[in-house]
Amino acid sequence: MSSSLKDLALRKKVLQARSTLHRLQVQRDLQAIGDSLGWLRTGTKALTSLSLRAGLLGLALRRVTGSPVGQAVALSSGLVLLTRVASLGLRLLRGMGGRSAS
């Protein structure tokens, strides 16, 4: 009987150690994902990008003038902005998908 109790105690320690290991691995992976995103850096780059400035200019022209030229600029700059955001999203998804969960 004492042998089975020792086996159970040893199994419990092994399971606790494995649980701790998995918890540490999840923390490490989350930290790596957080470091790779860099929201502040991404936001700064987005605000200084040419396409966002063009989009804001197009919206301003559309609001101010309401002319066909302003609408065309707004539409084209909006499309450029949309494709840039979609491209960024795809790059982020590909970057996360390439990581293995060790």
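We did not get these values from a lab; they are worked out from the coordinates using the rules stated. Predicted, not measured: the structure shown is a model, and the values here were computed from it. Heads up, the Cβs are rebuilt from the backbone with ideal geometry, glycines too, and the neighbour counts pull from every protein chain shown.
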Fill in: Segment Asp7-Ala86, extension gain: residue separation times 0.36 nm, minus the distance between their alpha carbons
22.9 nm
Worksheet, complete the sentence: Cβ density ranking, 10 Å radius, fewest first, applied to Val85, Val69 yields Val69, Val85
